[in-house]
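The values are calculated or read from the model by the stated rules, or taken from the named source; none is laboratory data. Nothing here was measured: the structure is a model prediction, and the numbers come from that model. Note that each Cβ is placed from the backbone with ideal geometry, even for glycine, and that neighbours are counted across all protein chains shown. Note: accessible area is taken over every heavy atom of the protein model, side chains too, but ligands, DNA and RNA are not part of it. Shrake-Rupley method; radii C 1.70, N 1.55, O 1.52, S 1.80 Å.
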Amino acid sequence: RTGQILAMLGSPDYFDAAISGAVNLTLAPRQPGSAIKPITYAAAFSPDLCSSAQSAIRNPQSANPCPWTPATMILDVRTAFVTKEGFSYVPMNYDRAFHGPVSARAALAGSLNLPAVITLDHVGLKTVLTLAGRLGLGTLSDADRYGLALTLGGGEVRLLDLTAAFAAFANGGVRVEPNAILQITDAAGNTIERWQARAGDRVLDERVAYLITDILADNNARAATFGFNSVLQIGRPAAVKTGTTTDYHDNWTMGYTPELATGVWVGNADNTPMMNLSGVSGAGPIWHDF
């Protein structure tokens, strides 16, 4: 609720040049993989964002009119999209299979790729980028750079910014600016500046933040992908989303309880790929233990 950063680890060893140790990876733009999907679904669930977007760019008689709900059915079947360059784009799920009609709840909790792309196509890229901007993801500001793969992690974000965005879900849709410095004093101990708490900004409908939290905390809904006893279970309710990028360059596990939001990134500073390490197996154990 305050935005205060309780812990930040940007490198395992600042002085190890072999691993680019002086790079603070909490501030380095990296692709988030599926960890960005909750923002796409939040846009689809938002009455103000989704309805206006659909009236502008979609047929109001769509089978799934806006806003969506967690019960909205999405067809997870082979689907080809046309990119702005005119090429055919056929997204694949992580398990290389299609699952037929699925609810938005099951699609987000199970991190299915194709339904996420369908959702982004439904609400529109600009709508999702608008919400991402409200949530503080400033690195996603150039809409011309992105296509439908954005919801699968096709744009870079900073770990600190994405953690703060997840904190906004935990805060019921209120975003607070991350803060790392509480007080500045001079050599004599005199206070030059002291941090003052300020009210956050409402960036998301409280009802939508609740729905996203409920889905990300639904162990039954994600069991088809992660199993019932995954490392994402911490012994009490917690909302959590993982992310894995192509060729295992980046692992993410982002999540929160009512008092604490925690984001974990795992990878190599020089962007070399890891060996078959997904978000749940790479970043998940660190997130769980913390």
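A compact table of results
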{"read-out": "Among Gly227, Gly189, Gly33, residue whose mean-square fluctuation peaks in a GNM of the chain (springs only between Cα atoms under 10 Å)", "value": "Gly189"}
{"read-out": "Gyration tensor verdict on the chain (Cα atoms; rounded if a/c is under 1.5, prolate if a/b is larger than b/c, oblate otherwise)", "value": "prolate"}
{"read-out": "Label-point separation, Glu259 to Ala223 (7 Å along Cα→Cβ), nm", "value": "3.0"}
{"read-out": "Computed magnitude of the charge dipole of the range 1-123 (debye, nearest 20; Cβ of K, R +1, Cβ of D, E -1)", "value": "240"}
{"read-out": "Cβ charges +1 (Lys, Arg) and -1 (Asp, Glu), total dipole of the chain, debye", "value": "700"}
{"read-out": "Dimensions (Å) - the range 213-290, Cα atoms, principal axes, largest first", "value": "35, 28, 18"}
{"read-out": "Inter-label distance, nm, simple model (7 Å from Cα along the C-beta direction), Ile19/Arg236", "value": "3.2"}
{"read-out": "Sulfur and carbon atoms: percent of accessible area, the chain [1.4 Å]", "value": "55"}
{"read-out": "Cα gyration tensor, the range 67-202 - rounded (a/c under 1.5), prolate or oblate", "value": "prolate"}
{"read-out": "Degrees between helix 159-170 axis and first principal axis of the chain (Cα, 0 to 90, nearest 10)", "value": "70"}
{"read-out": "The range 103-201 - accessible surface per residue (Å², probe 1.4 Å)", "value": "42"}
{"read-out": "Debye intensity ratio in log₁₀ form over the Cα atoms of the range 120-188, taken at each q of 0.17, 0.22 Å⁻¹", "value": "-0.66, -0.97"}
{"read-out": "Distance in nm between pseudo-label sites at Met275 and Asp186 (7 Å out along the Cβ direction from Cα)", "value": "5.7"}
{"read-out": "Nearest-20 debye value, the range 200-290 charge dipole, Cβ charges on Lys, Arg, Asp, Glu", "value": "220"}
{"read-out": "Net length gained if the chain between Arg78 and Lys126 were fully extended (0.36 nm per residue, minus Cα distance)", "value": "14.8 nm"}
{"read-out": "Which of Ile39, Leu9, Leu49, positive extreme of dipole for the range 1-148 (C-beta unit charges)", "value": "Leu49"}
{"read-out": "Candidates Thr72, Thr245, Thr185: whichever shows maximal mean-square fluctuation once the chain is modelled as a Gaussian network with Cα springs under 10 Å", "value": "Thr185"}
{"read-out": "0 to 90° range, to nearest 10: angle between helix 47-57 axis and the chain longest Cα axis", "value": "50"}
{"read-out": "Computed lengthening from Gln196 to Thr2, 0.36 nm per intervening residue step minus Cα-Cα distance", "value": "68.9 nm"}
